[in-house]
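Asker: Would you mind keeping the following structure in view while I ask a few things?
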Amino acid sequence: DVKVTQSSRYLVKRTGEKVFLECVQDMDHENMFWYRQDPGLGLRLIYFSYDVKMKEKGDIPEGYSVSREKKERFSLILESASTNQTSMYLCASSLGLRTSGNVRAQYFGPGTRLLVL
Amino acid sequence: AQKVTQAQTEISVVEKEDVTLDCVYETRDTTYYLFWYKQPPSGELVFLIRRNSFDEQNEISGRYSWNFQKSTSSFNFTITASQVVDSAVYFCALTRGGATNKLIFGTGTLLAVQP
């Protein structure tokens, strides 16, 4: 079974703090994703990585950055947390097109509920 | 631009009722993939099914079935004889730009199954 883990289930931070959210997958997947989930808005893609050190902006990258130094780990960084970044953050991974030949499902971690005060 | 619409925000049924969750999508691509995910109260999204645009066969898996109709751009999900454990938020998703791994999600349907 695919296992995607996230460093924290719940996190409380203060405005202006630098926040790191870590995600690790154990299935050697090329692709990794960060989403945020807000009521009534569904899941919105923040960043996507298709290989080590490679990244693409998603729909709402402002205020976020990412790091992928190793294949299994994808970090989301909030450079200076703000109250409007209070949300549920979900990490996912999937096989890449090069490996699988077609589009495969994304597998999700349990999520991190971040509260910025 | 791609879009996924789940018009039903919340559905409430009584156990053993059948329920259908609607998903309507928009895309100009000829190759695309559709997905359904379940998000129980624990929060983790669970993959249910993937369908590509060339395969219009309906699929049944136990109490779950999916009806894919390209003519109406719909990919509906039916739960037969619903159970309390089916209570969750269900998301429909579509690949962006053809055969890409990036997905666009609908806003989800909250299904509450009452005992």
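Asker: What residue among A:His29, A:Leu115, A:Asn102 has its Cα farthest toward the positive end of the dipole of chain A, where the charges are +1 on Lys, Arg and -1 on Asp, Glu, each on the Cβ?
Answerer: A:Leu115
Asker: Then there is this: Rounded to the nearest 20 debye, what is the charge dipole size of segment B:39-115 about its Cα centre when +1 sits on each Lys and Arg Cβ and -1 on each Asp and Glu Cβ?
Answerer: The dipole of segment B:39-115 has a size of about 220 debye.
Asker: Evaluate the charge dipole of segment B:1-47 about its Cα centre and quote only its size in Debye, nearest 20, assuming +1 on the Cβ of each Lys and Arg and -1 on the Cβ of each Asp and Glu.
Answerer: Value, rounded to 20: 200 debye.
Asker: Highest mean first, what order results for B:5-14, B:40-49, B:103-112 on Cβ atoms within 10 Å?
Answerer: Details: B:5-14: 14.0, B:40-49: 15.5, B:103-112: 20.8.
So the order, starting with the most tightly packed, is B:103-112, B:40-49, B:5-14.
Asker: Please compute the Kirkwood hydrodynamic radius of chain B from all pairs of different C-alpha atoms, in Å with one decimal.
Answerer: The Cα-based Kirkwood calculation yields 14.3 Å.
Asker: Please state the charge dipole magnitude for the protein assembly as shown, taken about the Cα centre, from unit charges on C-beta atoms (+1 on K and R, -1 on D and E), reported in debye and rounded to the nearest 20.
Answerer: 620
Asker: Averaged over peptide A:41-52, how many Cβ atoms belonging to another chain are found within 10 Å of each residue's Cβ?
Answerer: 3
Asker: Report the extension gain between A:Ser7 and A:Asp59 in nm, rounded to one decimal, defined as 0.36 nm multiplied by the number of residues separating them, less their alpha carbon distance. Walk me through the numbers on the way to the answer.
Answerer: Numbers: separation 52, 0.36 × 52 = 18.72 nm, distance 2.36 nm.
Length gained, A:Ser7 through A:Asp59: 16.4 nm.
Asker: So for the protein assembly as shown, what percent of the C-alpha to C-alpha distances run longer than 22 Å?
Answerer: 53
Asker: Given Cα pairs under 8 Å that are at least 6 residues apart, what percent is the relative contact order of segment A:35-74?
Answerer: It rounds to 31 percent for segment A:35-74.
Asker: In deg cm²/dmol, rounded to 500, what helix-only [θ] at 222 nm does the protein assembly as shown give when every DSSP H run of at least 4 residues adds -39500 (n - 2.57) and the total is split over its residues?
Answerer: Roughly 0 deg cm²/dmol at 222 nm, from the helical runs in the protein assembly as shown.
Asker: Can you tell me which of B:Gln39, B:Gln57, B:Gln69 moves the most in a GNM of chain B? Springs connect C-alpha atoms under 10 Å apart.
Answerer: Ranking B:Gln39, B:Gln57, B:Gln69 by mean-square fluctuation puts B:Gln57 first.
Asker: Could you count how many Lys pairs in chain A have their Cα atoms under 16 Å apart, skipping same-chain pairs fewer than 8 positions apart?
Answerer: Lysine pair count for chain A: 5.
Asker: Just to confirm my numbers, what's the Cα centroid distance between segment A:1-78 and segment B:1-79 in Å?
Answerer: So the two Cα centres are separated by 25 Å.
Asker: When N counts the residues of chain A, how does its alpha-carbon radius of gyration compare numerically with 2.2 N^0.38 Å, as a ratio?
Answerer: The reported ratio for this selection is 1.02.
Asker: Any idea what the relative contact order of segment B:17-109 is, in percent, if you count C-alpha pairs under 8 Å spaced at least 6 apart?
Answerer: It rounds to 36 percent for segment B:17-109.
Asker: For chain A, what relative contact order do you get, as a whole percent, if you take Cα pairs closer than 8 Å and at least 6 residues apart? Provide the component values of the computation, followed by the final result.
Answerer: Values: 306 pairs, mean separation 41.1, N = 117.
Reported relative contact order: 35 percent.
Read-outs: derived from the displayed coordinates by stated rules, not from any lab. What you see is a predicted model; the values in this text were computed from it and never measured. Cβ sites come from the backbone with ideal geometry, for glycine too, and all protein chains shown count toward neighbours.
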